[in-house]
Amino acid sequence: MLPEAINRRTLLKTSLLAGGGLALEVFIPLPVRALAANGAAADAAPAPATLSVFVSIAPDGIVTIVSKNPEIGQGIKTSLPMMIADELDCEWSQVRIDQADADAKRYGPQVAGGSTATPTNWLPMRQAGAAARAMLVQAAAAQWNVSADEITTSKGRIYHATSGRSSSYGEVASKAAVLAAPDVSSLRLKNPEQFTIIGQSVVGIDSPKIVKGKPIFGIDTRLPGMLYAVYEVAPAQGGRLVSAGVEAARKSPGVRHVIPLTGNGDADQGLADGVAVLATNWWLANQARKRLAVKWDLAAAQGHTSEAYQEKAEAAFVAGIGEELRRDGDPTEHMANAARRIKARYQYPFIAHAPMEPQNCTAVYEGGKLEIWAPTQAPGGGLTMIQKSLGIGTDNITLHLTRMGGGFGRRLMNDFMVQAAAIAKAVPGTPIKLLWSREDDMRRDYYRPGGWHDFEAGIDANGKLSVFTDHFVTFQGSDGKAARAADMNLSMIPAGLVQHLRYGRSMLPTVVRTGPLRAPGSNALCFASQSFLDEVAVAAGTDLPALMLSMLEGERREIAPRDGRGPPFDTGRARDVIQKVLQTSDWPRKPQQAGRAKGFAFYFCHQGYFAEVVEASVTGATIAVHKVWVAGDVGSQIVNPMGAENQVKGAIIDGLAQALAGQEIGFVDGVVQQSNLHDFQLARIQSTPQIEIAWVKSDKPPTGLGEPALPPVIPALSNAIFVATGTRVRSLPVRLKSA
Amino acid sequence: MKYKLHINERVHEVEAPADMPLLWVLRDELGLVGTKFGCGAGLCGACTVHVNGAAQRSCQTPVGSLRNARITTIEHIGETPVGARLQEAWLKVDVMQCGYCQAGQIMSAAALLGHTPRPSLDQINSAMAGNVCRCACYNRIQTAIQMAAGMQEDPSHVA
């Protein structure tokens, strides 16, 4: 939680629950910073700076909590209610959770992105629980005619020790509902040692439904009379529809409609041109689609080919920095005078998100009203897109949030939602479910952008890193700015830790849609910068953890981010996780087997501090990862250890797959060359390493875990490969030549 | 074509072309949506069902090939002792993150335990290699299968 939010005015509203009981709504002002904390929020509808929490307690003691954030597997539908329930001081078994619809006016930001939900909600959720508890206590005190100070609570019951009286929450809930709400500043929150639910391993709220195959995902939505839709778009990015031969498809079995749709020319943030095929069964619709005869204008994407990008990037390095973004001290002079200079170029490819549930959305349009069921990480952004592309006002849209079969950032973008809305609008009164094939999903992603870095570092006569420069070649969107998720992080380590520094940028225009992928920016920048710093450390006669620790020496200090975005970097927290992982991995002990070695890396992103060590072995061109040690600091409290550990392990394996599974998206004239999971591979069970996690609990409030564990594992791996083989990995995915 | 399919101990009548994959009969014709669509190419295992007790990718199984076959899906696997043990173990270690692939994972695991009641880690990995979990809950999948096989006690907390 960001402290400035606490002092602003929090409002409570109570009412009698239908059927008796207490309904409590808490309105909490949010700091503006929480709204703009990540790239996703920029695409979301402007949300009011108020967050509401709904809690109700029925006469039978059942506590119902409305979960406002989208659930993609990060566990937020379980962990936010845990915060409320703990301060309410009830039992977790009393709690039921309802998923909220999209309603920014009511709930504030509803985004699953940027690992922001935990820090944003940590205090408000607890305040809501504490407020409800205070009202129940007050109601019992009035009923028993005793002072509220003499009353205690435990596990959903209220006790008055002196008189021996007790009551369940349910029994006093209706009486509490007619009381005036308490002043938020009077609420006493628990000390961490009093927590009974926070910090316990709690099974995910939807898990019992998942193991039984209950319909809870977006793709499972079924409505009476619903038709199944596919949407054919141009094979190349930004292609326009010239003509559509639809007769053969229309005559195919099960087909009800074939509808060419003209988009609004904005394939990135609007409706792409395409042809919708609607049938009584999705497979029939997809079969019929093969019989479409569509002519596309693909001119916009001519020349947007991976090899051409590579050539342009190399030319940009020769031409020199296009734009200086950050300069500290005098890097030019100090580089010239350095006792030793190290230069290297790094690069990484475009990659896809490939969530298991392909993009889909169900919609029905009738009488000017649109109702949608969408697996989306950023509902607000989808509503804005529909309004802009189809002219349906957001007041006329009801958006139900479904559980998502993974997101990883893909579902922050809502192109599938605007397509479903457009198709539904073309067949008023008929519900439609749009579903993309895996091939659609692979070829219509908003990819993690590729990038190139030309690094140089200078070591002074004392063996100290004194100057560091990076020329970053990245992609430029149609608005002239860096493409989405393709910008430089001006605070990228070692900025702030080295006296003389330059970060510069050159940009290549692209028509390819780019977007945030789990730990956006960081997932690539960390690989490049921590791998290069390992080279610097070796050149300086030391190793990377020692180099990092030497830069973090001295008084614990906070370094403010250069561009004013995001939290400060705390040198003490960084030092602590590095020292922790050196200890848990027994860093000084080197593996004895030939071709087997350890590598280290550290990174700070999304408010989390992570240091990781990978032990890997190389046989010929084959790499095996045996063990990964993780030390992480995400604040003073792990909310749900069971969920937290799963997030970290998933992030580690995800990062390793980016490096080792050959993940790369290539383009020829804007046409994506990959199509399915055979040519874009994901991690599989047999390559799962042992992963050991150590939490470093600091004095800061808890922050999110969906992302920050991922970035360091990639350079920790590449640095291990260097020790094992003597070969530097300067390009992803890792491709070693057989010895 | 009209087909009588034996699914989850019940007979269902469907009308579909012979080459329609079982996946789409289950999901769109019968409303059994627990079986998931992931890749449509037999690469991810999300659509795994049992045909006569063997794990099979329903996206690669034409409905026309299923006359007289006994089909079991995730909606019914809990009725078998192995399926029930797996579901219980899955919850005990809370295997899942997003959960989308887990129906297929459980179906593959149930087929494995059907013919190999006490699998080694290598046997588990080999039987489960065709099932992708994008969230990478693989450590817990291994643990849950071992628990369901009675080879591992409740790990209380999975490290």
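Just so it is clear, none of the values below were taken in a lab; they were calculated from the coordinates. A quick note: this is a predicted structure, and the numbers were derived from the prediction, not measured. Here the Cβ positions follow ideal geometry from the backbone for every residue, glycine too, while neighbour counts run over all protein chains shown.
Need the C-alpha centroid separation for segment A:144-195 versus segment A:319-392, integer Å. First find each Cα centre; the distance between them is then 48 Å. Whole-Hz Karplus values for segment A:79-94 come out as 6, 5, x, 4, 5, 5, 4, 5, 6, 5, 6, 10, 8, 4, 5, 7 Hz, taken residue by residue from phi with 6.51 cos²θ - 1.76 cosθ + 1.60 and θ = phi - 60°; glycine and proline positions read x. The length gained on full extension between residue A:16 and residue A:694, counted as 0.36 nm times the residue separation minus their Cα-Cα distance, comes to 239.5 nm.
Close amide H contacts of residue A:637 (hydrogens built in the peptide plane, cut-off under 5 Å, sequence separation of 5 or more or a different chain): none are found.
For chain A, what is the calculated [θ] at 222 nm in deg cm²/dmol (nearest 500), taking -39500 (n - 2.57) for each run of four or more DSSP H residues and dividing by its residue count?
Rounded to the nearest 500, it is -8500 deg cm²/dmol.
Percent antiparallel among DSSP beta bridges with both residues in segment A:4-198, to the nearest 5? Show your work: numbers first, answer last.
Numbers: 25 of 30 bridges.
Once the DSSP bridges in segment A:4-198 are tallied, antiparallel ones form about 85 percent.
Legend: calculated FRET efficiency, residue B:153 to residue A:98, from the Cβ-Cβ distance at R0 = 30 Å, rounded to 0.05, equals 0.25. Pairs of C-alpha atoms in segment B:78-148 farther apart than 21 Å represent 11 percent of all such pairs. Could you work out how far the C-alpha centroid of segment A:464-500 sits from that of segment B:44-98, in angstrom? That distance is 49 Å. Taking a straight Cα-Cα cut-off under 21 Å and skipping sequence neighbours fewer than 8 places away in the same chain, the lysines within cross-link reach of residue A:481 are A:312. Note on the protein assembly as shown: antiparallel DSSP beta bridges, both residues inside, total approximately 75 percent of the bridges counted. A Stokes-Einstein calculation at 37 °C with viscosity 0.692 mPa s, built on the Kirkwood radius of segment A:132-254 over Cα pairs, returns a diffusion coefficient of 156 µm²/s.
Average 1/r across all pairs of distinct alpha carbons in the protein assembly as shown, invert it, and you get the Kirkwood radius: 28.7 Å. With R₀ set to 41 Å, the beta-carbon distance separating residue A:222 from residue A:189 gives a calculated FRET efficiency near 0.40. Our estimate of slack between residue A:636 and residue A:143, defined as 0.36 nm per intervening residue step minus the Cα-Cα distance, is 173.6 nm. The alpha carbons of segment B:2-76 give a radius of gyration and a Dmax of 10.8, 29 Å, in that order. Each 5 Å bin from zero up to the one holding the largest Cα-Cα distance in segment B:1-44 carries the following percent of pairs: 5, 20, 31, 24, 14, 6. Within segment A:486-527, name every residue whose backbone N is under 17 Å away from a label modeled 7 Å from Cα of residue A:559 along the Cβ vector. Within reach of a label on residue A:559: A:488-504, A:522, A:525-527. Placing dummy labels 7 Å off each Cα toward the beta-carbon, the span from residue A:196 to residue B:120 is 4.8 nm.
Here is the link list: A:190/A:697; A:212/A:649; A:209/B:92; A:464/A:697; A:649/B:36; A:369/A:433. Which ones come out longer than 22 Å on Cα distance? Among A:190/A:697; A:212/A:649; A:209/B:92; A:464/A:697; A:649/B:36; A:369/A:433, the Cα-Cα distance tops 22 Å for A:212/A:649; A:464/A:697; A:649/B:36. Legend: Rg and Dmax of segment A:4-198, from Cα coordinates, 16.7, 57 Å. Averaged over the residues of peptide A:641-649, the number of Cβ atoms from other protein chains lying within 10 Å of each residue's Cβ is 4. Applied to segment A:696-709, the Karplus parametrisation 6.51 cos²θ - 1.76 cosθ + 1.60 on θ = phi - 60° returns per-residue 3J(HN,Hα) values of 9, 8, 9, 8, 9, x, x, 10, x, 10, x, 10, x, 7 Hz, with x for Gly and Pro. Annotation: amide H of residue A:296 within the under-5 Å range of A:242, sequence separation 5 or more or interchain, hydrogens built in the peptide plane. Each listed q (0.11, 0.14 Å⁻¹) maps to a log10 I(q)/I(0) for chain B, found by the Debye formula over equal Cα scatterers with no solvent: -0.41, -0.65.
In percent, rounded to a whole number, the relative contact order of segment B:95-154 is 43, using alpha-carbon pairs under 8 Å and six or more apart.
Spin-label model, residue A:539/residue B:52: points 7 Å from Cα along the beta carbon direction are separated by 6.6 nm.
Taking every residue in A:284-293 and counting other chain Cβ atoms within 10 Å of its Cβ, the average works out to 1. Each residue, residue A:209 and residue B:79, gets one label point 7 Å from its Cα in the Cβ direction; the gap between the two is 2.3 nm. For segment A:574-587, 3J(HN,Hα) computed residue by residue from phi via the Karplus equation (6.51, -1.76, 1.60; θ = phi - 60°) reads 4, 4, 5, 6, 5, 5, 5, 6, 5, 6, 5, 8, 6, 3 Hz, glycine and proline entered as x.
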